[in-house]
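Take a look at the following structure, please.
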Amino acid sequence: MKCQATSSAVGVHERKGDSEQAATLSSPRLRKYWAPLSIVIVSVLLAFALLAVSAGYRFTQWSSDVPSAAQLSLCPNPTLRPDWRTLGNSQKSAYISAVKCLQRLPSISNNLRGANTRFDDFQAIHVAMADQGQFLPWHRRFLKLFEVALQDECGYEGGLPFVLVSCSQVAAHCLRSYYDWSPDIDSGIPLAKFLIFDAVYGFGGNGLDIPNYAGQFGNLSALASAGWLAPGAGGGCIVDGPFAAYNLSVGPGTSATNHCLQRAFNDNIRQFLSSDMIKHVLRQTTYETFRIELEGAPVTQTMRLHDGGHNLVGGEIADHYSSPGDPIFYLHHAFVDKLWWDWVGLDFASRIDQISGRTAVVPPYTNVTLDFELDTMVAPVVAIREVMDIRNPLLCYTYG
Ligand SMILES: [Cu+2]
């Protein structure tokens with residue numbers, strides 16, 4: 001009863017003036033009850049404050065389309081994969097030196113498909129697994145293993161560079177403006193003059209031109225016979241740049257023979273790598289149409305960005321199996337991987353879990369799910385769901 005009376009009194013006094021309230025609270029009897037009551041009031045206020053903060057946190061978390069890494073417990077310091085064109089000459093040299101380092105280190109894959117070096121190991125893995133159908137997630141896992149090898153075994157401090165993307169022109173959410181390949185494609189500069197083919201700070205140029213040469217890989221004649229596009233010049237061994245002297249022992253195709261790195265530039269294919277093609281693929285509204293419009297033939301009747309990049313350079317990189325024999329493969333596939341991440345970012349909530357496609361290129365196959373396990377032969381298998389977000393600690397990179 002005392003408590004009720006006291007509470008009532010406090011209630012009454014609260015409606016009085018400040019001076020009268022202060023005088024009332026100074027009474028010894030009320031001070032006795034005011035102390036524990038103030039604790040209750042402060043506790044209630046604290047509880048409301050915590051609720052407000054909590055509600056505010058939830059609002060912050062979902063107010064942005066793409067949750068931040070901290071909010072999702074993702075890796076705090078992702079490796080930045082830069083546009084090749086944004087690198088200074090010393091950075092370009094560092095990357096090329098790291099690739100050449102892998103080309104000197106001995107294979108650890110027990111002579112898988114004729115591999116002699118660590119660089120060959122990755123090419124051999126691709127030869128063995130190229131008929132798997134999980135196109136985008138498998139290559140994401142594969143590229144990360146290559147990036148880690150560059151860093152851990154050859155001291156490379158950066159992330160895997162990429163080429164061929166026009167960040168500022170094609171994705172509204174992408175605020176950075178980098179010098180990239182697609183303006184060159186759009187402007188009509190001959191392929192041979194693209195900076196990525198520089199003999200010193202690039203990957204070297206075209207293969208030796210051999211008139212009427214069908215190509216060691218058959219891809220030149222295949223292109224012509226398919227009625228797609230006339231073959232370009234080149235086709236023989238590259239004659240300059242840091243990889244001209246490297247002896248490939250994996251490939252061509254599924255064979256394992258010693259051969260040089262070949263290229264066959266084809267300017268007729270540049271139309272498939274324009275900024276319009278990038279806009280086209282990013283406009284797709286489902287993963288199913290996105291992956292098809294990105295990957296290209298044989299599902300599509302004409303080339304798309306992925307197969308267009310392979311065939312633009314031609315030679316070894318145009319081979320379905322042994323394409324990683326050309327170091328440009330990794331930059332091109334980083335570009336393809338970036339497009340996937342860009343596309344997800346345009347509608348993150350609905351696209352981060354979207355996957356489709358077959359488990360293999362040829363029968364027997366089933367439809368892939370997020371639980372399908374990716375096998376790279378040399379690393380633990382991981383479920384596709386583990387490579388959906390590039391900020392996952394397993395991957396831990398981002399694109400510049
Ligand atoms: Cu490819």
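Every number here is computed from the coordinates shown, using simple stated rules; none is lab data. Everything numeric in this text was worked out from a predicted model, so none of it was measured. Positions of Cβ are backbone-derived with ideal geometry, glycine not excepted, and every protein chain shown enters the neighbour counts.
Could you rank the peptides 381-394, 322-335, 130-143 by their average count of other C-beta atoms within 10 Å per residue, with the highest value first?
Values: 381-394: 17.8, 322-335: 25.3, 130-143: 20.3.
Packing proxy ranking, top to bottom: 322-335, 130-143, 381-394.
What per residue convex hull volume, in Å³, comes out for the range 224-308 when only alpha-carbon positions are used?
Dividing the Cα hull volume of the range 224-308 by its residue count gives 142 Å³.
Tell me, what ³J(HN,Hα) does each residue in the range 108-122 have, in order and in whole Hz, if you take phi through Karplus 6.51 cos²θ - 1.76 cosθ + 1.60 with θ = phi - 60° and put x for Gly and Pro?
Each residue of the range 108-122 in turn: 10, 9, 6, 6, 4, 6, x, 5, 9, 10, 5, 4, 5, 3, 5 Hz.
Same structure again: Count charges around Asp198 for me, please; just the other residues with Cβ under 10 Å from its Cβ, Lys/Arg as +1, Asp/Glu as -1. Walk me through the intermediate numbers first.
Details: positive: Lys92, Lys193; negative: Asp240.
Spelling it out: positives minus negatives among the neighbours equals +1.
Still on this structure, please answer the following. Hey, rough spin-label estimate for Ala199 and Val361, points 7 angstrom out along Cα→Cβ, what's it come to in nanometres?
Distance between label points: 3.5 nm.
Around Lys338, under 10 Å between beta carbons, what's the net of Lys plus Arg minus Asp minus Glu among the other residues?
-2
Further question on the same structure: Do any chymotrypsin sites (Phe, Trp or Tyr not before Pro) in the range 346-386 lie in a DSSP loop with no more than 14 other beta carbon atoms within 10 Å, and if so, which? Please list the in-between numbers first.
Working: sites: Phe348, Tyr365, Phe372; in loops: Tyr365, Phe372.
Those that pass, being in a loop and sparsely packed, are Tyr365.
For the range 79-399, just the Cα set please: Rg and Dmax, both in angstrom.
Calculated on Cα positions, Rg and Dmax stand at 18.2, 52 Å.
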